[in-house]
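Heads up, the thing below is written out as structure tokens.
The values are calculated or read from the model by the stated rules, or taken from the named source; none is laboratory data. Being a predicted model, the structure only gives us computed values, none of them experimental. Note that each Cβ is placed from the backbone with ideal geometry, even for glycine, and that neighbours are counted across all protein chains shown. Accessible surface is based on the protein model in full, side chains and every heavy atom, while ligands, DNA and RNA are left aside. Shrake-Rupley method; radii C 1.70, N 1.55, O 1.52, S 1.80 Å.
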Amino acid sequence: MSVSCLVAINDENKSSDRLALIAFKNEITEDPFGILSSWNNTNNSLHFCEWRGVTCSRRHSSRVTMIDLRSQRLQGSISPHIGNLSFLQVLFLQNNNLNGEIPQKIGRLFRLKHLGLTNNSLEGEIPHNISHCSKLIYISLSGNNLVGSIPNGLGYLPNLQMIWLSYNKLSGEIPTSLGNLSSTLTHLAHFNNNLEGRIPNTLSRLTNLKLLVLETNKLSGTVPSSLYNISSLEEFSLMNNQLHGSIPFDIGSTLPNLIYFSVSGNNFTGNIPRSLSNMSRLVMLQLQINNLVGSVPYNFGSLKSLEFLGLGGNKLGSGEANDLNFLRSLVNCTKLRFLDVSKNNLGGAIPNSIANLTTNLVTLTLSRNQIYGSIPPGIQNLLGLTTLYLNSNQLTGSIPPGIGLLQNMGILALSSNKLFGPIPSSFDLAPTNQQTKW
């Protein structure tokens with residue numbers, strides 16, 4: 001091939017990339033920060049490789065490899081001409097106000113590695129030919145109005161590590177093909193959609209998975225037992241679905257690296273596994289609104305990183321005197337900020353050791369149980385409390401005056417008990433934002 005032919009081809013490629021960028025700009029209707037003001041179509045203007053948000057290849061001169069226009073409040077749509085940028089590796093358009101559909105021609109971007117379209121107003125379906133982008137590592141389409149099913153082809157992208165499809169209107173079942181990404185996938189987030197059906201057994205092949213978040217969908221059936229064997233998992237949330245079954249007794253041994261675990265808002269039954277105390281990194285444990293029974297494990301005190309413990313809305317306890325013994329162990333959880341055991345069958349008196357809970361505790365909810373006895377005066381030691389719910393129990397005696405001196409208290413609920421005596425004068429000094437329900 002002659003030198004003149006090579007020059008002609010290079011000029012054609014340069015012109016193609018420049019025209020594709022101009023076509024992209026022409027579909028943008030609002031650019032409040034003027035990020036595209038440098039994108040000029042005149043021959044005497046700045047070279048397009050120097051336009052703001054555009055990066056070109058060092059090896060292949062004048063070929064666009066990255067468009068980064070994140071968080072620019074751009075309005076308009078994504079031009080189909082984006083598919084002409086054949087050297088594009090990174091497309092970041094997240095946190096804008098883009099609408100319309102994701103162009104089908106995005107499937108022509110064979111070199112694309114990172115696709116970020118999160119937090120826009122995109123509609124329509126995820127293009128099924130996105131599976132042609134075989135070098136994709138990262139896909140984030142969360143926070144849009146996308147509909148339809150998750151393309152089965154995603155499971156055949158050999159380099160895919162992260163899939164974020166949350167906060168859309170996607171429906172149908174989770175593709176079994178995602179299990180093919182066994183050696184690459186680390187993050188799988190499909191939460192807040194309309195996905196239904198069972199969780200595929202094939203997901204248990206994802207042995208490098210760190211994050212699995214399928215919460216707030218319409219998933220049903222039982223959780224595949226093999227899913228609890230992905231020891232690399234750090235975040236695991238299935239909350240707000242229609243799942244049932246029990247939590248494996250040895251979960252603390254099979255998932256030792258969990259930091260976040262939530263199955264709240266389902267129909268789980270059985271006991272709370274004592275092995276959960278083996279999860280030394282656990283920060284958040286959410287088991288609320290299920291049908292769990294039995295006692296609350298008294299060994300949770302070994303969870304030194306625990307900040308959030310949600311057990312409310314179950315059938316825990318037997319109304320007996322020792323139901324609240326677990327509170328004694330929580331004294332060792334010095335980072336605990338939120339504790340909710342409301343709406344259960346817990347009986348007995350509140351132990352005096354509650355006064356030794358961490359001052360980091362912000363919310364304490366013991367309401368709607370069968371707790372009796374008096375309110376321990378030492379509760380005034382919990383200086384960080386902003387919310388205290390003790391209502392709808394069988395508490396007796398007077399209100400400890402020290403509660404009224406808790407300067408951070410915003411909500412105090414004591415109604416539907418058997419308390420008596422005058423309201424302590426300390427409540428006259430209570431913060432003006434305090435809401436009290438006697």
Looking across region 299-330 at residues that are more than 15 Å from PRO273 (Cα to Cα) and open to solvent by less than 10 Å² (accessible area, probe 1.4 Å), the single one that is farthest from the chain's Cα centre (by Cα) is LEU324
**Hey, ILE106 under 26 Å from the mean Cα position of the chain (by Cα) and under 25 Å from ASN152 (Cα atoms) or not** = no
Within region 265-282, residues closer than 23 Å to GLY301 by Cα and surrounded by fewer than 18 Cβ atoms within 10 Å (Cβ to Cβ) come out as GLY270, ASN271, PRO273, ARG274, SER280, ARG281
Note to self: Can you find a residue that is modelled with pLDDT of 95 or more, part of a strand (DSSP E or B), buried (at least 19 other Cβ atoms within 10 Å of the Cβ) and aliphatic (A, V, I, L, M) anywhere in region 164-182?
What the structure shows: no
When region 355-373 is checked residue by residue, the ones that are at positive phi and either among the small types (Gly, Ala, Ser) or surrounded by fewer than 17 Cβ atoms within 10 Å (Cβ to Cβ) (or both) are GLY373
Expected single match for touching a residue at least 60 places away in the same chain (Cβ under 8 Å) and crowded, with 17+ Cβ neighbours inside 10 Å among ASN84, ASN144 is ASN84
Flagged in region 328-351 as over 18 Å from GLN394 (Cα atoms), of a type outside the set (D, E, K, R) and not in a loop (DSSP other than H, G, I, E, B), in numbering order, are SER329, LEU330, VAL331, ASN332, PHE338, LEU339
Practice task
For region 367-374, indicate whether the set of residues that are within 24 Å of SER264 (Cβ to Cβ) and among the β-branched types (Val, Ile, Thr) is non-empty.
Solution key: yes
Residues of region 194-212 being open to solvent by 10 Å² or more (accessible area, probe 1.4 Å) and closer than 13 Å to ASN240 by Cα, in sequence order, are ASN194, GLU196
